[in-house]
Amino acid sequence: MRSPKLPSLSRRGFCLCCVGAAASAASGWLSPRQAYAEARGIVSLIKDSAAVSPIVTHKLRNNITVLEGSGGNIAVLTGPDGKVLIDAGIRVSRPQLTKALADLGADPVTHLVNTHWHFDHADGNEWLHAAGAKIIAQENTRKHLAEVQRVEDWDYNFLPLGAGGIPSEVFADSRELKLNGTSIGLKYYGPAHTDSDISVTFAEANIIHVADMFWNGIYPFIDYSTGGSIDGMIAACDANLAAMDKDTIVIAGHGKPVGNKAEFQAFRDMLVGIRDNVARLKKEGRTRDETVAAKPTAAFDAIWGQFVIDPGFFTRLVYQGV
């Protein structure tokens, strides 16, 4: 089966891309529709691919680096207070991540911030905690990681992490850290991609990691099973945009890892455009399948619809939330 066209997007840039990489070796690419129909296998395929995928390093400014290749994009701040990680990736990537972190210097990992609970961002919590990291997260992240959590769209039940992987320090709305001479702001804007998403701002560097509130160049997944919503995604985008300027470096959760305010604005505008189109069709009485058939994403598909979450699947996600 022919693989999807990926004009400028690394396959490492989106965790579900691993479905294609793992499946192609045996039987060719899974289409998006087939991939989700085989949802019980998605997590295993992602982990299988993460176990062998290389880690690509993107050095930014003020000792901040992005590591791409283990699920969600990981930010690392280095310095005398030790390495500060934003997200943990997938645990089977430990050998590659260990090497990538060592290449950034000998300082130990001392702090880990989870941007939300999904396994491709928090599955590495336990080994990083064992390596010395204190884990910090929004309170809903700890709740989800500490209990069995089902994601309906993946038809998958995630087991709780071990005690070492559960965040030991949580907050409700915001938290401020001062590490390695950098002011780090953690901010929760309410349910968005899930009900636990936070952004992480490195003030002096003018860098913000918005994680899965931004999928740079591809349609996003919205996890309604744990409180996500299309309106919440848009509201979080608006709040994050208000904290940016034209020089802000924006780290995305998936897709092209390093972006800017203009790209994030384009992502937000795409969400609004599709949300409004789908809401209008639903208000007219169209069923979900009729709405998909009407192609409310057509104006955006050439840019955003070329990956695993295809236009039909994203339309169904939006329809659920309007």
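Every number here is computed from the coordinates shown, using simple stated rules; none is lab data. Keep in mind that this is a model prediction, so the values were computed, not measured. Using ideal geometry, Cβ is built from the backbone for each residue, glycine included, and neighbour counts are taken over all protein chains shown.
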Handout entry: Folded to 0 to 90 degrees: helix 230-242 orientation relative to the chain principal axis, Cα
Key = 50 degrees
Exercise for the section: Give the Debye-formula value of log10 I(q)/I(0) at each listed q (0.11, 0.15, 0.16 Å⁻¹), with one equal scatterer per alpha carbon of the chain, two decimals each. Expected result: -0.63, -1.23, -1.42
Fill in the blank from the handout: Computed about the Cα centre, the charge dipole of the chain from +1 Lys/Arg and -1 Asp/Glu charges at the Cβ has a magnitude in debye, to the nearest 20, of 580 debye
Problem - Choice from A266, A133, A211 showing the highest fluctuation, given a GNM over the chain with Cα pairs closer than 10 Å - result: A266
Exercise for the section: Let me know the shape class of region 131-193, please: from the alpha-carbon gyration tensor, a ≥ b ≥ c as square roots of the eigenvalues, rounded when a/c is under 1.5, otherwise prolate if a/b is greater than b/c, or oblate. Expected result: oblate
Handout entry: FRET efficiency for A242 and D276, using Cβ-Cβ distance with R0 set to 25 Å, rounded to 0.05
Key = 0.75
Exercise for the section: Rank Y219, Y188, Y156 by mean-square fluctuation in a GNM of the chain with C-alpha springs under 10 angstrom and give only the top-ranked residue. Expected result: Y156
Fill in the blank from the handout: Sorted largest first, the C-alpha extents of region 95-232 along its principal axes in whole angstrom are 41, 32, 30
Exercise for the section: Could you check which residue among P257, P311, P160 shows the biggest mean-square fluctuation in a GNM of the chain with a 10 Å Cα cutoff? Expected result: P160
Fill in the blank from the handout: At the level of C-alpha centres, the distance separating region 60-123 and region 135-210, in angstrom, is 14 Å
Exercise for the section: Out of all DSSP beta bridges with both ends in the chain, state the antiparallel percent to the nearest 5. Expected result: 65 percent
Problem - Residues H58 and A298, FRET efficiency given R0 of 41 Å [Cβ-Cβ distance, rounded to 0.05] - result: 0.80
Handout entry: Between helix 311-321 and the chain: long-axis angle, C-alpha atoms, 0 to 90°, nearest 10
Key = 80 degrees
Practice task
Return one number: the angle in degrees, 0 to 90 and rounded to the nearest 10, between the long axis of the Cα atoms of helix 261-283 and the longest principal axis of the Cα atoms of the chain.
Solution key: 40 degrees
Handout entry: Spatially proximal lysines relative to K143 (Cα-Cα < 19 Å; intrachain offsets below 8 disregarded)
Key = K134, K187
Exercise for the section: Name the longest site-free stretch of the chain, where the excluded sites are trypsin sites (Lys or Arg not before Pro) in a DSSP loop with no more than 14 other beta-carbon atoms within 10 Å. Expected result: 62-245
Exercise for the section: Grab the beta carbon distance between S225 and D81, set R0 = 35 Å, and tell me the FRET efficiency rounded to 0.05. Expected result: 0.45
Exercise for the section: Report the GluC sites (Glu not before Pro) located in region 167-258 that are in a DSSP loop and have at most 16 other Cβ atoms inside 10 Å of their Cβ, or state none. Expected result: E204
Handout entry: Helix-only mean residue ellipticity at 222 nm for the chain, each DSSP H run of n ≥ 4 adding -39500 (n - 2.57), per residue, nearest 500
Key = -9500 deg cm²/dmol
Fill in the blank from the handout: Full extension between S168 and K134 adds, at 0.36 nm per residue less the Cα distance, a length in nm of 11.5 nm
